[in-house]
Structure formats: structure tokens, C-alpha cells
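Take a look at the structure set out below.
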Amino acid sequence: MIHYEVFCDSPHQHYIRFKSIFPIKKSETILKISAWRPGRYELGDFAKNVRNFKVFNIEGEPIEFQKTDKSSWLIQSGNLEEIIVEYEYFAAELNAGSSFLDETQLYVNPVNCFLYSADCIEETYLVNLSIPDHWEIACSLPFENKVLTAKNYEELADSPFICSANLSCETYEIKGIKFYIWFNNQQHIDWERLKSDFVKFTTKQLNDFTHFPTHEFHFFIHSLPYPAYHGVEHLKSTVITLGPSYEIFGALYSELLGVSSHELYHVWNVKSIRAVDMHPYDFQKENYSRLGYVYEGVTTYLGDLYLLKSGVFNLNSYLREFNKQLQKHFDNPGRFNYSVAQSSFDTWLDGYVAGAPGRKVSIYTEGCLLAFIADVKIRKATQNKFGIEEVMKRLYFDFALKGKGYTEADYRKLLEDVSGESFEDYFSNYVNGTQPYDNLINESLEFLGLELIQQPSTSVAESKLGFKILPKGKNSVIQSIYPGSPSDIGGLSAGDEIIAVNGSQLNNDLDKWLKYFENDDLELSVYRNGKLLGITLIPGIDYFYPKFEVKQIKNSTEFQLVNLKFWGQDGI
Ligand SMILES: [Zn+2]
């Protein structure tokens, strides 16, 4: 048994204080803090937030220790039976995967800040929370009198909790499974609408998988006063941050549904169905996997599609989300340089930053579109008897429930078994290769009576010159440049700050000046690395960064309408 006490005595400094008692098995004990958190496939090195680490024997006398690597402490535990470890954790960041303490709440993602020892990784953790009496506890772990119980480190690490005076909660039940929706700091909640929508997408997902791995599930939603959109999956819960609060039941409502459906789908796809490379998790180092297009891609695709299938979204609201993925795909020339499988491996390197221009792709975007192509291919081959959800169900029953991880070959075999078709080209050209697949997107859409409409961007900078900008005061900073476009040929660089066009100073009006000089050669004045440069651009006849939109074909055939109905079910 490992005992933990959690103290909130300096909330204004955002330090959570911990006191723990570890049983001792050996004369030397190594305690560790995780180097990353499941759900984000890059190193987080949470030990950087630890200060005042101290070790004592049970009489309170100090014990010697030293760090042996950035996340490990080696303790000379001798023949002691127990040691006391005290430390503080800096918790000043509030996102869906972090920990946070202030005067109003204690929010803990235990993988960030709890210690574990390989000697007692399977021991029960008892966590005693020293929190104000008027704070409520939202947690998927069982608790009594402010003491949480986790059966081992992995369960603790996967069980975030929020303690606050501003929690609101309602529940719903489907097939004997209890679902909790918690809000922290949300004033106005339209429970009726929310529960009705949550019941619909939850029911549809449960019906397809036919089995849920736990008896309860919690949605923990932090309502924030500033713009936020983030979700992190756990087996028995998800943490979501969303803001600003006043938009959650307004402009952000479809985002709330989208992220909630996505995170619920993760209960099966990644918390249960796990790539062999992460089975089990190694909390100390990178868990490289080329299968991100399955665990994030299929989840991105089906998370939104279940909102359509369950009638929460209509076709137009679904396509608005799908269009965003298509737009990201076509806007990123990295798709010609690096496959989605390679990009998945490299999330540990640069998966969560824009990174080097044109280097890589997103496992979410490419994975979503490739899942769509696979889904339609299976539907075509089986006359709509099966879709990709059948492949995921088999991964769940044949691998997850048997305690096995899956490989690319396993996933491919299931796609081929369910469809009766070869997926050789799919894997070699598009998953592991960088071949364009515009034609497959078009064919798949056509099968459903949908079409991809392409229109030039209304921005002259994007359409005629091939660069995207971000505003900076009165000026414009170049965000990205399309390879082979006039801006590329003319020598513009990402990061250049444009201050004038043909000698006319900008006043937040770059595109107006570009349109004014549309038929002339252009001389842009730019700041680059502290120097003022003049760059000449010669517009050509090609268009760049076109805008993509999927629409229903006006005169869809009966065949297409039937397919669309099967694919979108209640939302059509
Ligand atoms: Zn996800």
C-alpha cells in the first residue's frame, strides 16, 4: 500500500505539496515521475516541476538520495520498511492534460505529479486530499472521506480529478453504464439539450461496439474564461477544456459535442485497442508507433461521424467539420514529403508544433481522411453491410479484450477480412507512402452522392501569390508559403514581416493593396532578421491555397442516396 497526502496550502504560488509513504522492498529504491502522459505522444518531463524533494525514515530523520536521470531518484533505503517522501509540484498550467492549483480549485492529472517505484507498481494507492470542506470531488476513482483509492499506479495515473466549489454534475445511464457530465466553473448549463445529445452519440457508439470496458464514465469539462479547446482521453473519464464560457452553449456547442464524442470513442480506440508499441505503456521514454492514423485518425473520423449517425448533427453540420480536415490536407504541402505513418513515429519529435515548413503531416487530418476512404471502400465492397466500425469492433474483441496490442499487419488483415478487398495500395501508397489521393477522396464522395467543390481563395495573397499571413499590428507576417508559387520563386520566407506594397505603407490592409496592384509586378518591403528588403513578385496564372467544400450532388442517383443513408443513418 502506498499512502499519499495532497496539500493545497500555497494556492497563490500554484505549488501542490505531497507527502507519501512508500513500502520498501530493496536496500536501494528508485522512485520515478512519468516522462510523458498517454494521449500526448511527446515527452513532457514533468519532473521539471518538482522542488524540495526530501526523503525521511519513519522517525523523521533524513535519508540520502541522488538523481540518476532527469525523472528518477535513487534512495538509500537500507533495511527500512517504509520511507517518507515529500515534494512540491508546480501546477500553474490549466489544460486538459495538466495539473492546476489556485484558490478556487485543485485539478490533478496524477501522471504529472505522482511518484511510482518499479518495486511496487501493482500496489494500491490511497490518496488523502487535504482540501477545504466546501470543495466537492469529481473523480472516477472510488473515494470516501476525501480518500481516493487506486488499485495500482497505472489506474491512478489514468484517473484525473477536480476538487472545487464550482462543480455541477448530471448523469445518464445506458445499458447499465452510468455516464457523468461534470462542469467546473460553468454558470449556465442547458442540461436538457446536452443530455439528449450525449445520450444519442453514446448510444450509437455503444451499439456498434456492443460492449463497454468499464461500468461508468465521467466527462470532466473545465469551462474557461478565455479561448480554449482541448480534450484528453482516459479509460474511465475524459478531461476537456473549453472557452470562453459564454460561448459553450452558443458558438462552441458543436465543438463541445465534437470533442466529447471523440474522447468517448477513445475509451475503445487507444485506451483499450492499443498499438503493440504502447502495450503496456513505458512511462519513462518515447513509445514510438507508426499507427497514429488509427488511434487518432480513426477516432477523429468516427468521433464526428457518430454525431451524424446519431442525428445530433445534420449533414451540413457534419460536412462543416469534414471540410476543415480536407482544407488542412490540401493546404499542407508536407503531404508530398512525409507519410502519415512516419509523421506518427515523429510525434515524439515535433508532433504538436507547426515545425519545419512542409516537413510532415497531421495524424489527425490524414488519419481521418484515410479512415474515410477505408470506410467507403468497405461499404462499397459489402453493399453497406459493414463499414470501418466493424474493423474497430473486431480489433476490440480480438485484441483489446484478449490483452493484446495490434500491429499494422493486424489492422490491414482486418480491413481485408471485412471488405474482402486488397489494401496493399492503400498501405504502400498512402499510409506508408506520399502518393496523392485526391482521386480516392473524389471517388469515395461520389459513392455517397457528395462532391468536392474547389474555389479560389478570396485572398489575393493566397490565391495569386501563394502565401498565408498573420496580422501583426499594421503589418502582415508570412505564416506559410506554397512551394512553386510566385512568393516562393520571388524569395519570400515564412516569418517575413511585410510593411509596404509598391511603396505604400500597410495599415492592416495588405490584401487591398495586392488587389489594387493586381495587374502589376509587385515590390514588397519586408523586415527579415532585422534588415529591410525589397522583394519583387511576378503573379502567374496558377491558383494556390484554393478553398474546398463538400456538398451534396444536386441530382444524386437512387444508388448514391441509399449509400448516403447507410453511411450517415439518422443524420440524413
Ligand atoms: Zn484524440
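Readers should treat all values here as calculations from the given coordinates under stated rules, not as data from a laboratory. Here the structure is a predicted model, which means the values were calculated and not measured. Here Cβ is always computed from backbone atoms with ideal geometry, including for glycine, and neighbour counts include all displayed protein chains.
Stokes-Einstein diffusion of the range 471-538 at 4 °C, 1.567 mPa s viscosity, Kirkwood radius from Cα pairs, rounded to a whole number: 108 µm²/s.
Report, in cubic angstrom per residue, the convex hull volume of the C-alpha atoms of the chain.
In the chain, the Cα hull volume divided by residue count equals 174 Å³.
Axis angle, to the nearest 10 degrees, between helix 191-209 and the longest C-alpha principal axis of the chain: 90 degrees.
The calculated pair-distance distribution of the range 48-126 uses every alpha carbon pair, bins of 10 angstrom beginning at 0, and gives 14, 43, 33, 10, 0 percent.
If the only charges are +1 at each Lys and Arg Cβ and -1 at each Asp and Glu Cβ, what is the size of the charge dipole of the range 1-103 around the Cα centre, to the nearest 20 debye? Don't jump to the answer; show the numbers that get you there.
Working: 12 positive and 16 negative charges, 84 e Å.
Charge dipole, the range 1-103, about its Cα centre: 400 debye, nearest 20.
Taking 7 Å steps out from each Cα toward its Cβ at Lys67 and Asn337 produces label points 3.5 nm apart.
For the chain, the longest principal axis of the alpha carbon atoms and the long axis of helix 438-447 meet at an angle near 90°.
Over the range 1-56, what relative contact order in percent results from Cα pairs under 8 Å that are six or more residues apart? Please report the intermediate quantities before stating the final value.
Values: 46 pairs, mean separation 12.3, N = 56.
Dividing the mean separation by the residue count of the range 1-56 yields 22 percent.
Rounded to the nearest 10 degrees, the angle from helix 253-268 to the longest Cα principal axis of the chain is 60 degrees.
Under the 0.36 nm per residue contour assumption, what length would be gained going from the current alpha-carbon distance of His12 and Ile174 to full extension? List each step's numbers first, then the result.
Numbers: separation 162, 0.36 × 162 = 58.32 nm, distance 4.14 nm.
Taking His12 through Ile174 to full extension adds about 54.2 nm, to one decimal.
The fraction of all Cα pairs in the range 1-154 landing in successive 5 Å bins from 0 to the largest distance is 2, 9, 19, 22, 22, 16, 8, 3, 0, given as whole percents. The base-10 log of I(q)/I(0) for the range 1-43, evaluated at q = 0.25, 0.26, 0.28, 0.33 Å⁻¹, reads -0.94, -0.94, -0.95, -1.06 [Debye formula, identical scatterers on Cα atoms, solvent excluded]. Backbone phi angles across the range 356-365, fed through the Karplus curve with coefficients 6.51, -1.76 and 1.60 (θ = phi - 60°), yield HN-Hα couplings of 5, x, x, 8, 8, 10, 9, 5, 5, 6 Hz in residue order; Gly and Pro are listed as x.
Can you compute the equivalent ellipsoid semi-axes for the range 287-389, i.e. the square root of 5 times each eigenvalue of the Cα gyration tensor, sorted largest first and rounded to whole Å? Please report the intermediate quantities before stating the final value.
On the way: eigenvalues 132, 48, 29 Å².
They are 26, 15, 12 Å, listed largest first.
What's the extension gain from Gln455 to Ile21 if we count 0.36 nm per residue and subtract their Cα-Cα distance? Walk me through the numbers before you get to the answer.
Working: separation 434, 0.36 × 434 = 156.24 nm, distance 6.39 nm.
Computed gain between Gln455 and Ile21 is 149.8 nm.
Residue-wise HN-Hα couplings along the range 387-402, as the Karplus relation 6.51 cos²θ - 1.76 cosθ + 1.60 with θ = phi - 60° gives them from phi, are x, 5, 4, 5, 4, 5, 5, 5, 4, 5, 6, 7, 10, 4, 6, 8 Hz; Gly and Pro carry x.
For Cα pairs less than 8 Å apart in space and 6+ apart in sequence, what is the mean separation divided by the residue count of the chain, i.e. the relative contact order in percent? Don't jump to the answer; show the numbers that get you there.
Values: 1167 pairs, mean separation 58.2, N = 572.
Value for the chain: 10 percent.
Could you list, in their original order, any pairs among Lys175/Lys413; Lys48/Lys474; Lys200/Lys551; Lys200/Lys324; Lys67/Lys285; Lys48/Lys404 whose Cα atoms are separated by more than 27 Å?
Details: Lys175/Lys413 31 Å; Lys48/Lys474 39 Å; Lys200/Lys551 25 Å; Lys200/Lys324 24 Å; Lys67/Lys285 17 Å; Lys48/Lys404 34 Å.
Check vs 27 Å cut-off fails for Lys175/Lys413; Lys48/Lys474; Lys48/Lys404.
Nearest 0.05, what FRET efficiency do Ala92 and Tyr352 give at R0 = 30 Å with Cβ-Cβ as r? Please report the intermediate quantities before stating the final value.
Working: r = 19 Å, r/R0 = 0.64.
With a Förster radius of 30 Å, E is 0.95.
The mean sequence separation of alpha-carbon pairs under 8 Å and at least six residues apart, normalised by the residue count of the range 459-500, gives a relative contact order of 35 percent. One compactness figure for the range 368-501 is 1.52, namely its Cα radius of gyration divided by 2.2 N^0.38 Å.
With R₀ set to 45 Å, the beta-carbon distance separating Asp520 from Phe249 gives a calculated FRET efficiency near 0.35.
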